[in-house]
Amino acid sequence: MQNAQSTILKVVENVEKVIVGKTEAIHLVIIGLICKGHVLIEDVPGTGKTVLAKSLARSVGCSFKRIQFTPDMLPSDVTGVSIFNQKTSEFEFRPGPIMAQIVLTDEINRATPKTQAALLEAMEEHQVTVDGVTHPVPEPFLVLATQNPIEYEGTFPLPEAQLDRFLLRINIGYPMLRDEINLVRQQKLSHPLESLDRVISVEELLNVQDAVRRVKVSSEIEYYIVNLVNATRSHGELYLGASPRGSLGLYRTAQARAAIEGRDYVIPDDVKALAGSVLSHRMILGSAARIREVNTRAVVEEILNSLPVPGGEVIG
C-alpha cells in the first residue's frame with residue numbers, strides 16, 4: 001500500500017503547485033478518480049474548479065475535455081453523432097467531448113434535463129449509445145461537474161437520479177488570506193498550469209485503482225457504514241434517505257482514504273471524514289426542515305454523533 005500512497009501523493013503535490021491551500025478538496029477529487037466515481041463541485045465562480053480539473057488531467061497524463069453546458073445544448077453535442085460518409089457509403093461515428101478520460105462539465109445545471117440525461121449512461125455504464133451502436137468511453141474515466149449554487153435563473157436543478165450518480169459532492173471555497181496572496185504572486189508572470197508536468201502514467205493510476213479495492217474493511221466497519229446510511233432513511237428531518245449506492249460509495253471512498261494515509265485497512269475516521277461528501281447530496285430534506293433551512297451535511301453530522309463508533313479489531 002506504500003506504493004499506492006506515494007503515487008497518489010505525487011499527484012497531490014503536483015496539483016498543489018496550481019491549487020493553493022485546498023489539500024482536502026484535491027484529496028476528494030483524487031479519491032473520486034481512484035474509486036472510478038464522479039465528482040460534483042458546487043461552488044461560486046472563480047474558486048478554481050476548471051483549473052483543478054485541468055491540473056489533475058495533466059498530472060496523470062489523461063486526455064481532457066471541457067463541456068460548457070447551455071440551455072440550447074443537445075444530447076448529441078455531448079455524446080457525438082453518426083455522419084454518413086458518401087465515399088464509403090457507411091455511417092461514421094464522430095465522438096463528442098464525453099469521449100475523454102477526464103471530462104469537465106461546466107455549469108451542468110444550465111442544460112435541459114434531456115441533455116443532462118445524456119450523461120447518465122456514460123457515467124454509470126462507461127459507454128454511450130448513438131443510433132443504436134454502443135461506444136465505450138476511455139479508461140480511466142472521470143466526470144467533474146460544476147454548478148453555481150447561488151444562481152437559479154435559467155437553470156434546471158439536477159434530478160435525484162442524476163445526483164445519485166455522483167460519488168462525491170464537494171466545495172472548494174475561498175482561499176485563506178495568506179494562500180490568496182501566494183496565488184496572486186504565483187501568477188504575476190505566468191499561470192503555473194502552463195508549466196505543470198505529468199508525474200504519473202495512466203498505467204500507474206490504473207494500478208492504484210486496483211490496489212485500493214484490496215484495502216481491508218472489517219465487518220464492524222461494514223456494519224458502521226450500513227447503519228449510518230440506514231439511519232438517514234428514518235431521520236425525522238429527511239423526506240428521503242441515502243440509497244444503497246451511498247453505502248457502496250462510502251465503502252469505496254473509505255478504502256481510498258485509507259490508501260492515501262498509507263494504511264491497508266479502514267478505520268472509523270475514514271468513514272466519518274467522507275460521510276458528508278458522499279451522502280449529503282443523496283438525501284432530500286422534509287418540508288419543515290427546508291423552511292428552517294436545515295443543511296443535509298448537518299443531518300449527517302448529527303447521525304455520526306449519535307451512532308456508536310466501532311472499536312476493537314479493525315482489520316477484517
- Query: Are any residues in segment 127-149 under 21 Å from L28 (Cβ atoms) and modelled with pLDDT under 90, and if so, which ones?
  - Reply: Q147, N148, P149
- Task: Report yes if some residue within segment 254-261 is assigned to a helix (DSSP H, G or I) and more than 19 Å from K36 (Cα to Cα); otherwise report no.
- Result: no
- Message: Residues that are surrounded by fewer than 17 Cβ atoms within 10 Å (Cβ to Cβ) and of a type in the set (A, V, I, L, M): does segment 123-130 have at least one?
- Response: no
- Quick check: anything in segment 204-223 in contact with a Leu (Cβ under 7 Å, 6 or more places away or on another chain), assigned to a helix (DSSP H, G or I) and within 21 Å of L28 (Cα to Cα)? no
- Query: Could you give every pair whose Cβ atoms fall below 7 Å, whose first residue belongs to segment 1-30 and is under 18 Å from Q186 (Cα atoms), and whose second residue is charged (D, E, K, R), counting only separations of at least 6 or pairs across chains?
  - Reply: V20/D179; G21/D179; T23/E16
- Look at L167 and say whether it is under 16 Å from A25 (Cβ atoms), within 15 Å of the chain's Cα centre (by Cα) and modelled with pLDDT of 85 or more. yes
- Exclusive hit being closer than 27 Å to L9 by Cβ, in contact with a strand residue (DSSP E or B) (Cβ under 7 Å, 6 or more places away or on another chain) and surrounded by 13 or more Cβ atoms within 10 Å (Cβ to Cβ), set I172, I200: I172
- For segment 237-254, the count of residues that are buried (at least 24 other Cβ atoms within 10 Å of the Cβ) and either acidic (D, E) or more than 18 Å from R165 (Cβ to Cβ) (or both) equals 1
- Message: For segment 87-113, give me each residue that is among the basic types (K, R) and touching a residue at least 40 places away in the same chain (Cβ under 8 Å).
- Response: R110
- Sort out which residues of segment 1-36 are polar (S, T, N, Q) and more than 16 Å from the chain's Cα centre (by Cα), and write them in order of number. Q2, N3, Q5, S6, T7, N14
- Message: If I ask for residues that are out of contact with any helix residue (DSSP H, G or I) (no Cβ under 8 Å at 6 or more places or on another chain) and among the aliphatic types (A, V, I, L, M), which ones from segment 104-124 would you list?
- Response: A111, M123
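The values are calculated or read from the model by the stated rules, or taken from the named source; none is laboratory data. Fair warning: this is a prediction, and the values are worked out from it, not measured in the lab. Because the Cβ atoms are built from the backbone with ideal geometry, glycine has one as well, and the counts that use them run over all protein chains shown.
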